[in-house]
């Protein structure tokens with residue numbers, strides 16, 4: 001399974017997951033309507049905070065340590081009518097980690113020398 005996301009700071013993030021069977025229907029042995037939610041789509045709500053350190057020379061731009069808390073639509077929908085018996089902490093998930101940001105790759109050419117003409121000659 002591979003997951004990626006785009007978005008930083010206060011911008012909305014877009015997440016994608018590949019390598020899973022994301023079929024849009026439940027198995028045939030379940031009655032139609034047994035589950036009301038879709039098996040392949042969850043909307044997540046999360047808050048994230050990050051502290052970053054700007055690296056100096058080299059290929060690493062910065063390194064950040066982050067902390068986040070998240071939940072999804074199905075957990076919130078199940079929790080809301082059962083608030084008296086289910087704690088909000090039962091539907092929240094906490095995570096922490098390290099994120100490394102690499103500098104963009106730049107093609108470097110020798111100054112004054114054309115890559116097509118090694119001697120710097122013009123055609």
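The values are calculated or read from the model by the stated rules, or taken from the named source; none is laboratory data. Since the model is a prediction, treat every value here as computed from it, not as a measurement. Cβ atoms come from the backbone with ideal geometry, glycine included; neighbour counts cover every protein chain shown.
Among all residue pairs at least 6 apart or on different chains, which show Cβ distances below 6 Å where the first residue, located in the range 29-45, is surrounded by fewer than 10 Cβ atoms within 10 Å (Cβ to Cβ) and the second is at pLDDT 80 or above?
Listed pairs, sorted by first residue: 43/73.
Would you pick out the residues in the range 62-87 that are touching a helix residue (DSSP H, G or I) at 6+ places or on another chain (Cβ under 6 Å) and modelled with pLDDT of 95 or more?
none
How many of the residues making up the range 51-84 are under 18 Å from residue 99 (Cα atoms) and in a strand (DSSP E or B)?
Qualifying residue count, the range 51-84: 15.
Suppose the filter is at pLDDT 75 or above, over 20 Å from the mean Cα position of the chain (by Cα) and either surrounded by 13 or more Cβ atoms within 10 Å (Cβ to Cβ) or closer than 28 Å to residue 105 by Cα (or both); does residue 59 pass it? Write out each step before concluding.
Working: at pLDDT 75 or above: yes; over 20 Å from the mean Cα position of the chain (by Cα): yes; either surrounded by 13 or more Cβ atoms within 10 Å (Cβ to Cβ) or closer than 28 Å to residue 105 by Cα (or both): yes.
Taking the combined requirement at face value, the residue satisfies it.
Among the residues of the range 2-48, write down those that are at pLDDT below 75 and at positive phi.
Once the filter is applied, which keeps residues that are at pLDDT below 75 and at positive phi, the range 2-48 yields 7, 9, 19.
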